[in-house]
1. For the stretch 7-30, which positions are hydrophobic (A, V, I, L, M, F, W, C) and over 17 Å from Gly114 (Cα atoms)?
2. Scan the stretch 1-58 residue by residue and report those that are touching a Lys or Arg at 6+ places or on another chain (Cβ under 6 Å) and hydrophobic (A, V, I, L, M, F, W, C).
3. So for the stretch 205-216 (the condition being buried (at least 20 other Cβ atoms within 10 Å of the Cβ), modelled with pLDDT under 95 and of a type in the set (Val, Ile, Thr)), does at least one residue qualify?
4. What are the pairs, 6+ residues apart or on separate chains, where a residue within the stretch 201-217 that is among the polar types (S, T, N, Q) has its Cβ under 8 Å from a residue that is surrounded by fewer than 18 Cβ atoms within 10 Å (Cβ to Cβ) and in a strand (DSSP E or B)?
5. Any idea which of Ala24, Ala57 is at pLDDT 90 or above, small (Gly, Ala, Ser) and not in a loop (DSSP other than H, G, I, E, B)?
6. Report, ordered by the first and then the second residue, all pairs with beta carbons closer than 6 Å, sequence separation of six or more or different chains, a first member in the stretch 67-96 that is farther than 22 Å from Ala109 by Cβ and part of a helix (DSSP H, G or I), and a second member that is of a type in the set (Asp, Glu) and modelled with pLDDT under 80.
7. Considering only residues that are in a helix (DSSP H, G or I) and of a type in the set (Gly, Ala, Ser), look in the stretch 27-53 and name the one that is nearest to Arg66 (Cα to Cα).
8. Have a look at Val6, Val63 and point out the one that is over 18 Å from Leu189 (Cβ atoms), surrounded by 16 or more Cβ atoms within 10 Å (Cβ to Cβ) and touching a residue at least 12 places away in the same chain (Cβ under 8 Å).
Amino acid sequence: MRKIHVIGIGAGDPDQLTLQAVRALHDTDVFFVLDKGEVKSDLVRLRQDILEAHVPAGTYRVVRARDPERDRAADGAGYSPAVGDWRNARADVYERLIADELGADGRGAFLVWGDPSLYDSTLGILEEVLARGSVAFAYDVVPGISSVSALVARHRTGLNRVARPVQITTGRRLAEGFPEDVDDVVVMLDAHQVFRRYADQDIDIYWGAYIGTPDEILVSGPIAEAGPRIERLRAQARERKGWVMDTYLLRRRPKEPQEPKG
């Protein structure tokens, strides 16, 4: 039976691969890569760098396919249907790649940024392909170093504080309000820099873009002070590269203890 490895490759640094990931790379005949176009061609190049660093040349094939476009303008009630359409289109691509490019007992792999279980669609799409019943395969999942772990490591801080929860959310959710009863919030997929709404509060931000790559940018400090610098650097990076991949941690400062009255 065909076998698919879903391999978490970290946030971009080839040195972030685990030994388990390297073993899975060596067990792969065909690597499937979705091409997002010329603007994001360096994402494909980083994957190629990882293969060249860890897998002997001539022992594998790389098969590229164009990643379907998602309706980025869809918002509100139209957001979920737009994502659903995009996932269905991706499932079509996955189904074709596995059926056409992988032999009956072949080993294929998808290289997933960060960790496959955190804000990534690969596992859900593979399940959709299996549910269609047109192509059979087994798959396993190799965890990777997520952008969240890489972010706090690069800032030399912890993800949470003693006896306190941490929440991972999206910019879309953060726009609805800061989560209740949580002082440490990691925000992903924020194209609109929603953190600016909280500049008047005692909240520090730990921000990173292109983490683990040569283009890495790190900024930290109170939102009121660090926010304008992040906006400027982010705009410059987008102008230079055409895209931005960033993540940040918001950390509410503890309130000063009140003096007892009387």
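1. Val30
2. Val30, Val33
3. Yes, that holds for at least one residue.
4. Gln201/Arg252
5. Going through Ala24, Ala57 in turn, the sole match is Ala24.
6. Ala82/Asp71
7. Across the stretch 27-53, the extreme among qualifying residues is Ser41.
8. Step by step, each of Val6, Val63 is checked, and only Val6 is over 18 Å from Leu189 (Cβ atoms), surrounded by 16 or more Cβ atoms within 10 Å (Cβ to Cβ) and touching a residue at least 12 places away in the same chain (Cβ under 8 Å).
The values are calculated or read from the model by the stated rules, or taken from the named source; none is laboratory data. Note that the coordinates shown come from a computational prediction; the quantities given were computed from them, not determined experimentally. Reconstructed Cβ throughout: ideal geometry from the backbone, glycine too, with neighbour counts over all protein chains shown.
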